[in-house]
Amino acid sequence: MSQVAPAPAPPAAESLATVVTTPTVRRVVRRSLYWGVAVAGLLGFGVLMVLLNGSGRELARWGADEAAPVGSRAVLEVLRAEGIDVIAVGTLEDARGALAGDSPATLAVGDPRLLLDAERWGELDGLAAHLVLLEPPLYGLDALGLDAIPGDPLEERLDADCDLPLADRTGAVDADGVAYTSDDGLECFTGDAGAALVRYDTGADAVSVLGAGGAVQNDQITQAGNAALALGLLGEHPRLVWYLPTPADLTAPTLDELTPGWVNPVAWLLLATGLAAAVWRGRRLGPVVVEQLPVTVKTTETMEGRARLYARDGARLRALDALRVGTLRRLADGLALGRASGVDDIVRAVAAITGRSTDALRRLLVDREPATDRELVALSDRLLELEREVLRRVALDDTANAAGAAAAPSDPPRPQPPTGRMDP
């Protein structure tokens with residue numbers, strides 16, 4: 001007796017394993033690794049740019065609370081420790097308020113971002129007993145009436161070479177900055193490029209132009225005699241107002257300031273030209289004449305104009321469709337089908353009265369598209385022939401119906417009752 005081999009089990013597990021599409025954790029991590037690295041790179045680049053911009057030399061330079069190398073926190077803390085009342089402000093109005101009072105004060109102004117305009121620089125004149133300018137621009141010096149001119153950068157150690165007691169205590173200066181030259185002021189710490197300090201004494205008030213702005217920075221305050229110079233300039237009076245301009249000092253320009261100088265003359269010239277042209281053309285054309293125009297247009301003019309438009313644009317199918325619509329409407333009226341009848345109804349009625357096939361009639365009335373102007377003319381002629389044939393057959397049917405009605409026998413006359421006697 002032969003044994004029957006058992007049938008193999010259906011590969012259900014295998015088929016299910018191939019159908020399962022749920023991603024594993026490893027696959028998800030592998031797919032998202034690229035995007036994760038890209039996003040991390042972008043974030044790192046953004047953080048780096050923020051750090052670079054935030055630690056810019058010009059943006060944070062001489063900050064009163066800035067502990068970075070370009071800040072001035074160290075020298076101001078030393079002044080506070082020596083009993084100097086240090087007030088840090090960010091606007092000119094705050095500086096005026098801090099300087100209010102009878103006691104003499106020192107006003108130190110540094111504008112590394114060049115936010116002050118010439119008018120604002122001029123308003124600094126006479127605000128304090130001692131005005132210390134940290135690397136001021138040329139237009140600021142001109143606004144204050146000072147003849148100092150900025151020159152090349154300071155790149156060397158400069159020894160004291162003037163009669164100021166402060167210069168004797170300082171000895172030498174070694175700091176970054178800009179050299180200045182002056183004829184009216186007293187130049188101190190001069191070199192080949194110019195002086196690191198220019199002093200103006202005008203009686204009760206004094207102005208010091210400090211070109212060596214690095215002498216008050218945290219990273220250079222300990223070099224050479226920078227500390228003695230900074231403390232001597234800023235600690236001359238018991239109160240120091242440390243003023244670094246902010247965007248709040250910016251003044252919005254007016255519309256007149258933003259408008260170029262040539263705009264107003266050109267606008268007046270254009271206005272005068274327009275008025276002159278209006279007067280010239282108005283006198284030449286004369287008064288307005290009212291004329292009665294026709295309110296109706298002949299049908300033939302409209303038809304011919306539309307035909308010319310179709311011919312110019314080569315719209316053969318559109319022109320033929322217009323002819324077909326008119327033919328179908330007239331055929332429906334002639335066959336008494338009514339305006340609500342469809343194309344198929346009209347085709348069947350025309351086929352019944354003319355004996356033509358419905359396919360041929362449908363091609364003529366609906367489907368066929370002209371490829372040339374000659375074919376368009378031929379199709380329009382065939383439409384006209386079809387209309388005439390239908391109308392002729394309708395007229396013949398009406399005539400036959402009328403003739404049949406006339407030839408039909410009439411009813412025999414009814415006998416009339418006798419009106420008299422009928423004697424034989």
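The values are calculated or read from the model by the stated rules, or taken from the named source; none is laboratory data. Bear in mind that the values here come from a model prediction, so they are computed numbers and not experimental data. Here the Cβ positions follow ideal geometry from the backbone for every residue, glycine too, while neighbour counts run over all protein chains shown.
To keep it simple, each residue is scored yes or no on (1) at pLDDT 95 or above; (2) of a type in the set (S, T, Y); (3) surrounded by fewer than 15 Cβ atoms within 10 Å (Cβ to Cβ).
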position: A100; (1), (2), (3): no, no, yes
position: T106; (1), (2), (3): yes, yes, no
position: P112; (1), (2), (3): no, no, no
position: G140; (1), (2), (3): yes, no, no
position: P150; (1), (2), (3): yes, no, no
position: L166; (1), (2), (3): no, no, no
position: T170; (1), (2), (3): no, yes, no
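If you scan the stretch 45-81, which residues turn out to be at pLDDT 85 or above, out of contact with any strand residue (DSSP E or B) (no Cβ under 9 Å at 6 or more places or on another chain) and not in a loop (DSSP other than H, G, I, E, B)? Reasoning before the result, please.
From the stretch 45-81, those at pLDDT 85 or above are 61-81; that's our starting set.
Add one more test, that the residue is out of contact with any strand residue (DSSP E or B) (no Cβ under 9 Å at 6 or more places or on another chain), and what stays is 66-71, 73-75, 78, 81.
Within the stretch 45-81, R73, A74, V75, V78, A81 meet the criteria.
Among the listed residues D176, D161, identify the single one that is farther than 21 Å from R73 by Cα, surrounded by fewer than 22 Cβ atoms within 10 Å (Cβ to Cβ), in contact with a helix residue (DSSP H, G or I) (Cβ under 9 Å, 6 or more places away or on another chain) and in contact (Cβ under 8 Å) with a residue 24 or more places away in the chain.
Residue meeting the stated conditions: D161.
Out of (1) under 22 Å from R306 (Cβ atoms); (2) assigned to a helix (DSSP H, G or I), the odd one out for E369 is which?
For E369, the failing item is (2).
Hey, could you check the stretch 198-249 for residues that are β-branched (V, I, T) and more than 21 Å from A95 (Cβ to Cβ) and say which is surrounded by the fewest Cβ atoms within 10 Å (Cβ to Cβ)?
By that ranking, first place goes to T222.
Given the criteria in a strand (DSSP E or B) and not β-branched (V, I, T), does L133 qualify? Lay out the reasoning, then the answer.
Numbers: in a strand (DSSP E or B): yes; not β-branched (V, I, T): yes.
Yes; evaluated as a whole, the condition is true for this residue.
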